[in-house]
1. One-quarter of the Cα convex hull surface for region 24-106, in nm²?
2. Which three numbers, in whole Å and largest first, are the semi-axes of the equivalent ellipsoid of region 24-165 derived from its Cα gyration tensor as √(5λ)?
3. For the ranges 71-78, 109-116, 139-146, 45-52, what's the packing order if you count other beta-carbon atoms within 10 Å of each residue, average per peptide, and put the highest first?
Amino acid sequence: MSTIPGKTTWVAALSSSTNSDKTPDPTGPDGQPPDEIMPVRSDEQIVRLRRLVREKAVAQGLSLIDQTKFVTAASELARNTLIYGGGGDVHLYTVRRNGRVGLRLEFVDNGPGIADIPRALADGYTSGNGLGLGLGGAKRLCDEFEIRSVLGEGTHVSVTKWKPF
């Protein structure tokens, strides 16, 4: 799928898919394998993910502000993966498009899924004890945001941050 910086895409399915394997193939936007796959099954792994995302953002030359935004979004999405999805994996990609470089993170879980994605993205909505800023806040901190969820099968959130020209 081709996306445009600043574009948001969301898809929700209320019935099960015919795919018996709940985990999507780990390939990036151009069919590339991920640079790394990290499990998200504990708070310690979220801390490690934050560190890795910061290192990758620095290596790609993102500004300190963009590093902070992307690490914050990664932390929020990883926490959602752990708390609401029962844990999962994060696929990390270095991406290139039209002479630009960036980072893409894909959070994948096999949890209960999200029944109402627009509602879940709205500020103030929470299905737990949080402030209701996680998904919507993460979306605002990234250049591209995509979420797919199938009830009873899980959720897949992809975020990308591009280095400005």
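1. Numbers: hull surface 21.5 nm².
Directional mean of the projected Cα hull area for region 24-106 stands at 5.4 nm².
2. On the way: eigenvalues 106, 53, 42 Å².
Working through the eigenvalues yields semi-axes of 23, 16, 15 Å.
3. 71-78, 139-146, 109-116, 45-52
Values in this text are rule-based calculations from the coordinates and carry no lab data. Values in this document were obtained by computation on a predicted structure and should not be read as measured data. All Cβ positions, glycine included, derive from the backbone under ideal geometry; neighbour counts span all protein chains shown.
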